[in-house]
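K.L.:
Mind looking over this structure? Questions follow.
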Amino acid sequence: MEWIKYIVLPFFIALISTPIVMKVAKYIDAYAKINARTIHTSKTIARIGGVAIYVAFIISMTCFMKSDTQIRGILLGSSVMFFGGLIDDLVDLSPKKKFAFQVVASLIVIFYGNIMLDKIFLPFGIEINMGLVSYIVTFFWLTGITNAINLIDGLDGLAGGISLIILVVIASLSVIDNRPDIMHISLILVGALAAFLLFNFYPAKIFLGDCGALFLGFMIATISLIGFKSSTFITLGLPILMCGVPIIDTLSAILRRKLSGKKIDEADKNHLHHVLMRRFGHKNTVLILYAVTLCSGIVAYIYILNKKIGLTLLFVELIVGEIFLEKTQMIAPWFHPVTSIVNLIKNTKKD
């Protein structure tokens, strides 16, 4: 039961610091702004909730984790990401300046922390040694997952809850893979998030802000690399699977905006959570996406126990997700390759 301390300490730190952050936000006027992407109407919701999570994380890491090159790389890189997000929350950085912080944070992790995805272990014993390409793949992995978590942060408790579920799954997989360091880092974030969600779940009293969403996304991307890159049974596909909701939402948003002639970073209300909310309501949508993320985590866990069953469930999940995207027209009204094939087969049988 020693693992409990890695949850308890950050939980109480975040529990105490979150109300303090709310008061500070009120003093410095750091409230969430209403724009084309947001669904809240209140003008007095603090937008720097990530500060409480970051403080709980740093203090807990100092108490529990022994310093080495990777740990220092994680702390430095995630701190750069956090402060870049915090500055953006306070003064609204341009997309280029915001991305510059992501570049610096990623380079710190790659070159100082020596954290890279140098090999990919695919099913059926296939191993790909990427060599120099690993630097590029690692960079896009870090920035991609970071922005995916940030983009999903559109409903009360959504990004925080999904991140918590992903981190619990990573901690569970780390136990099987005998990586106590990854488990401890994941549990520290779980504890901080659990306390923060008491204030962030619907109806939210405080938001993560970019400082919180970017920090969490960066941490998930980083620890999934150091936890899974050398395993013979955990592949790059498992972290991708666990991050399925934010990744699918991000890719569909990019494709949707490209096809409609809009800028990639232009806000809209056609994200996955917006589509679901129009039908199921705010709270229910968050719970549905929690369930989807949990199912993805379970599939990842099953894959470890039985590769054939895991791959079969993964295929089913991908097909269901594709059909959902087509039926809801999240990408475009004419984008329906799978349903078109199904309809073609049905018509052929009738003839």
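K.L.:
Within segment 264-286, restricting attention to residues that are surrounded by 14 or more Cβ atoms within 10 Å (Cβ to Cβ) and at pLDDT 80 or above, which residue is nearest to residue 153 (Cα to Cα)?
P.N.:
In this case the residue turns out to be 286.
K.L.:
Taking the criterion of being closer than 24 Å to residue 45 by Cα, out of contact with any Asp or Glu (no Cβ under 7 Å at 6 or more places or on another chain) and not charged (D, E, K, R), would at least one residue in segment 177-185 satisfy it?
P.N.:
No, segment 177-185 contains no residue that is closer than 24 Å to residue 45 by Cα, out of contact with any Asp or Glu (no Cβ under 7 Å at 6 or more places or on another chain) and not charged (D, E, K, R).
K.L.:
Here's something else I'd like to know. Since residue 189 meets every condition but one in (1) surrounded by 24 or more Cβ atoms within 10 Å (Cβ to Cβ); (2) under 22 Å from residue 296 (Cα atoms); (3) over 14 Å from the mean Cα position of the chain (by Cα), which condition does it not meet?
P.N.:
Exception for residue 189: condition (3).
K.L.:
From the list 103, 51, 21, 55, exactly one residue is modelled with pLDDT of 90 or more, among the aliphatic types (A, V, I, L, M) and in contact with a Ser or Thr (Cβ under 6 Å, 6 or more places away or on another chain). Which is it?
P.N.:
55
K.L.:
Now, a different point. What is the one condition in (1) at pLDDT 90 or above; (2) buried (at least 22 other Cβ atoms within 10 Å of the Cβ); (3) under 28 Å from residue 46 (Cβ atoms) that residue 109 does not satisfy?
P.N.:
Here residue 109 meets the rest and fails (3).
K.L.:
For the subset of segment 137-150 comprising residues that are aliphatic (A, V, I, L, M) and buried (at least 24 other Cβ atoms within 10 Å of the Cβ), which member is modelled with the lowest pLDDT?
P.N.:
148
K.L.:
Now for a separate question. Within segment 299-310, track down each residue that is in a helix (DSSP H, G or I), within 20 Å of residue 174 (Cβ to Cβ) and without any contact (Cβ under 8 Å) to a residue 24 or more places away in the chain.
P.N.:
Of everything in segment 299-310, those that are in a helix (DSSP H, G or I), within 20 Å of residue 174 (Cβ to Cβ) and without any contact (Cβ under 8 Å) to a residue 24 or more places away in the chain turn out to be 302, 305, 310.
K.L.:
Do we have residue 31 as over 20 Å from the mean Cα position of the chain (by Cα), modelled with pLDDT under 95, of a type in the set (Ser, Thr, Tyr) and surrounded by 14 or more Cβ atoms within 10 Å (Cβ to Cβ) here?
P.N.:
Yes.
Conditions (1) surrounded by fewer than 20 Cβ atoms within 10 Å (Cβ to Cβ); (2) on the phi > 0 side of the Ramachandran plot, marked per residue:
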position: 128; (1), (2): yes, no
position: 134; (1), (2): yes, no
position: 152; (1), (2): no, no
position: 159; (1), (2): no, no
position: 163; (1), (2): no, no
position: 170; (1), (2): no, no
position: 178; (1), (2): yes, yes
position: 185; (1), (2): no, no
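K.L.:
Related question: Given the conditions (1) buried (at least 16 other Cβ atoms within 10 Å of the Cβ); (2) modelled with pLDDT under 95, which single one is not true for residue 78?
P.N.:
In the conditions (1) buried (at least 16 other Cβ atoms within 10 Å of the Cβ); (2) modelled with pLDDT under 95, residue 78 misses (2) alone.
The values are calculated or read from the model by the stated rules, or taken from the named source; none is laboratory data. Computed from a prediction, not measured in an experiment: that's the story for all the values here. In this analysis, Cβ positions are derived from the backbone assuming ideal geometry, glycine residues included, and neighbour counts consider all displayed protein chains.
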